[in-house]
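Peer 1: First, the structure itself, so that you have it in front of you.
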Amino acid sequence: MTTPPLHLGKKRGMRRMATPEGHFTMVALDQRPPLAQLIGAKRGIAPAQVSFADMVAVKGILADALGAHASALLFDPNYALPAALPRLPAHTGLVLTLEDHRFRETPGGRLSHSIDDWSVEKIKRAGGDGVKLLAWYRPDAAPKVRAYQQDYVRQIGRQCRQCDIPLVLELLVYPFPGNHRHSPGAAGAPEKMSDETPELVLASVREFARPEYGVDLFKLESPLPGATLPARDGDAAHQAAQGWFGQMGAICAGAGIPWVMLSAGVTPAQFLRVMEYAYAAGAHGFLAGRALWWQALQHFPDLERCAEQLRREGSATFAALAALTLRAGNAWHPDYSAFDALQAEGELCASYA
């Protein structure tokens with residue numbers, strides 16, 4: 001009798017990404033366009049003219065300030081990995097991004113693709129504990145666009161199973177060309193497009209929660225604009241907003257997939273409120289970026305001032321998020337029950353044949 005698949009690499013990778021208590025308190029350092037825009041504005045140049053040296057320098061100080069606190073850091077391979085891997089503490093997990101930020105815009109929707117010369121197999125060989133894939137997705141996109149995005153994620157899911165490494169899937173709804181209805185986040189980036197966004201977010205999660213995609217951890221956006229969430233005081237507005245988070249949590253729970261929230265450019269206080277809603281719905285942690293470090297980087301090119309504010313304010317924001325997570329977050333623990341089915345020498349090895 002053969003044992004069920006053990007997926008020990010996935011379990012160990014997920015464990016490396018979590019705290020000892022089983023929460024995901026992760027920091028994203030893989031952003032490329034927002035940093036290029038910020039550096040370009042400070043230098044008085046176009047984002048495309050931003051130097052490799054400046055990008056690497058910024059990512060290095062972010063890792064120095066926040067790496068020791070996070071359960072895992074999310075790196076891109078082109079800038080963050082060479083800048084920050086030497087700074088990565090031994091106890092901090094490593095998640096590496098796969099997708100290229102230069103998606104292809106079509107009239108029917110956005111098409112994603114991987115970074116040139118980068119792959120799941122290379123992430124595994126580079127020592128990554130997880131693969132992060134961002135899929136731009138709208139359930140109302142053109143059928144060919146939806147099929148393309150679904151097939152892309154499905155292929156990466158198969159590759160992650162083959163390499164036995166966790167797939168962290170980030171889903172983002174986006175505006176169609178010409179649709180600029182949105183509320184700006186802290187970094188001036190579009191946060192939400194319209195009143196229909198909650199349904200689009202939930203439908204996207206529902207699609208990719210299907211087993212065929214092989215998702216191990218969801219990185220999700222708030223179904224409602226994080227900058228406009230009401231206080232959790234029990235009134236009708238609070239209950240209505242919580243209902244959207246509850247539906248998202250129910251989809252993930254039904255699929256048995258843990259989930260974390262992204263910060264989407266909101267302020268630290270706003271992201272703490274987002275997480276209060278998310279934890280009430282069963283979230284397992286966060287994978288935050290700009291909410292932790294955006295304000296500190298306004299001092300660029302004075303890297304010392306950036307680093308000082310990161311150590312003071314960025315670390316304080318992280319500490320508040322970590323405390324909330326420990327108090328209210330849903331813990332994830334690996335399931336090793338498949339070991340109970342082993343009855344003889346060699347069965348475990350055969351299961352990896």
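Peer 1: Keeping all protein chains in the complex and leaving out DNA, RNA and ligands, what accessible area do you get for residue 21 with a 1.4 Å probe, in Å² to the nearest 10?
Peer 2: Using a 1.4 Å probe on the heavy atoms, I get roughly 90 Å².
Peer 1: Taking a quarter of the surface of the convex hull around the Cα atoms of the range 63-122, what do you get in nm²? Spell out each step's value before the answer.
Peer 2: On the way: hull surface 20.9 nm².
Computed as one quarter of the Cα hull surface, the answer is 5.2 nm².
Peer 1: Long-range amide H contacts for residue 132: which residues qualify at under 5 Å (H placed 1.01 Å from N, peptide plane, sequence gap of 5 or more or a different chain)?
Peer 2: Under 5 Å from the amide H of residue 132 lie the amide H atoms of 96, 97, 98, 168, each far enough along the sequence or on another chain.
Peer 1: Considering only DSSP beta bridges where both residues belong to the chain, give the percentage that are antiparallel (nearest 5).
Peer 2: On the way: 5 of 34 bridges.
Within the chain, antiparallel bridges account for around 15 percent of the total.
Peer 1: Would you mind estimating how fast the range 6-71 diffuses translationally, via Stokes-Einstein at 4 °C and 1.567 mPa s with the Kirkwood radius over Cα pairs, in µm²/s? Before the final figure, lay out each step's value.
Peer 2: Details: Rh = 14.0 Å.
Reported coefficient: 92 µm²/s.
Peer 1: Shifting gears a bit: Using only alpha-carbon positions, what ratio does the radius of gyration of the chain give when scaled by 2.2 N^0.38 Å? The partial results should precede the final answer.
Peer 2: Numbers: Rg = 19.9 Å, N = 353, 2.2 N^0.38 = 20.4 Å.
That ratio works out to 0.97.
Peer 1: Among DSSP bridges having both ends in the range 1-111, what percentage is antiparallel? Round to the nearest 5. Mind showing how you got there, number by number?
Peer 2: Numbers: 3 of 10 bridges.
Looking only at bridges with both residues in the range 1-111, the antiparallel portion is about 30 percent.
Peer 1: Oh, and also: List the residues, sorted by chain then number, that are 5 or more residues from residue 332 or on another chain and whose placed amide H is less than 5 Å from its amide H.
Peer 2: 23
Peer 1: Something else: Roughly how much of residue 103 is accessible, in Å² to the nearest 10, using a 1.4 Å probe?
Peer 2: 60 Å²
Peer 1: Averaging the inverse of every distinct alpha carbon separation and then flipping it gives the Kirkwood radius. What is it for the range 1-126, in angstrom units? The partial results should precede the final answer.
Peer 2: Working: mean 1/r = 0.0612 Å⁻¹.
It works out to 16.3 Å.
Peer 1: Would you mind getting the accessible area per residue of the chain, heavy atoms of the protein chains only, 1.4 Å probe, in Å²? Kindly include the intermediate steps, with their values, before the conclusion.
Peer 2: Details: 14940 Å² over 353 residues.
Using a 1.4 Å probe on heavy atoms only, each residue of the chain averages 42 Å².
Peer 1: How much accessible surface area, in Å² rounded to 10, belongs to the heavy atoms of residue 138 with a 1.4 Å probe?
Peer 2: That residue has around 10 Å² of solvent-accessible surface.
Peer 1: Then there is this: From the phi angles alone, apply the Karplus equation (6.51, -1.76, 1.60; θ = phi - 60°) to the range 291-297 and give each ³J(HN,Hα) in whole Hz, x where the residue is Gly or Pro.
Peer 2: Couplings: 4, 8, 10, 5, 5, 5, 6 Hz.
Peer 1: Per the 1.4 Å probe, what fraction of the accessible area of the chain, in percent, lies on carbon and sulfur atoms? Intermediate results must be reported in sequence, preceding the final value.
Peer 2: On the way: 8090 of 14940 Å².
Answer for the chain is 54 percent, counting heavy atoms of protein chains only.
The values are calculated or read from the model by the stated rules, or taken from the named source; none is laboratory data. Predicted, not measured: the structure shown is a model, and the values here were computed from it. The accessibility values were calculated without ligands, DNA or RNA, using every heavy atom of the protein model including side chains. Shrake-Rupley method; radii C 1.70, N 1.55, O 1.52, S 1.80 Å.
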